[in-house]
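Notes follow once the structure below has been shown.
The values are calculated or read from the model by the stated rules, or taken from the named source; none is laboratory data. This one's a predicted model, so the numbers in the text were calculated from it and none came from an experiment. As a convention, Cβ positions derive from the backbone with ideal geometry for all residues, glycine included, and neighbour counts pool all protein chains shown.
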Amino acid sequence: MHTFQIGSPRPNKKLQSIIETVKNMNCKKLCEEHGETLHFCEDDQFICLCCEQKPQHKGHVLVLAEDVCQDYKEKLQKAMTKLRENESQCNNLKLFQQKQRTEWEEKIKLQRQKIQSEFQNLRSFLHKEEKHFLRRLGEEEEQILCQLQEGEDKLEKQNQELQNHVLELERKCQDSIQNLMKSA
C-alpha cells in the first residue's frame, strides 16, 4: 500500500502522450502524402507503408494502429484505475482526518468542561472554608476581647483599690502622732 501525499499533483507527460496518441487513432486518419491507412511507428508516431520505405524510417517497427490502440486503451484503463484508487485513498484519508478532528474537538471540549467544573468545586470549597475560618476567627476574637475586657476591668478595679489605699496611707501620714498611734 502506498501512502498518498496531499499536494499539487505533477503532470504525467507519458500519460499525456498516450492520451494524445489514442485520440489521434480514433480519428482513422490517412497519410497526407500517400492517402493510405496509417500504421503506428514506435519512433515517429504514424506513418503509412509507403513512408516506411523512406530512408529516415528504415529499421523502424510498424504495428497496426488498432492493435496499438487496444494496448494504449488498456494502459489508460490501468492508469485511470490507479488514479481512482489514489482518489479513494485521498477521500478516505480526508474522512479519517475529519473524524479525528471531530473526536479531538469533543475530547478537548469535555476536558475543558471537566477543568472548569473542578475549579468551580475548588472555588466553592474554598469559599466555604473561608466562611468557616472567618466565623471561627470572629468567635475567637469575641472570646479573647471579652477575656481581655474582663482582665482590664479587674485591673481597673485593683488600680482603684490601690489608689484608695495610697490615699488612705497619705492621710494617715499627715495625721498627728496621737491618731497614728491609736490606729496602730
(request) Please specify each residue of segment 172-184 satisfying the condition of being assigned to a helix (DSSP H, G or I) and either surrounded by 10 or more Cβ atoms within 10 Å (Cβ to Cβ) or under 60 Å from the mean Cα position of the chain (by Cα) (or both). (result) K172, N179, L180
(request) Only one of these is part of a helix (DSSP H, G or I), at pLDDT below 95 and among the basic types (K, R): K114, K75, K131, K157. Name it. (result) K75
(request) May I ask you to list the residues in segment 77-88 that are surrounded by 11 or more Cβ atoms within 10 Å (Cβ to Cβ) and without any contact (Cβ under 8 Å) to a residue 60 or more places away in the chain? (result) M80, K82, L83, E85, E87, S88
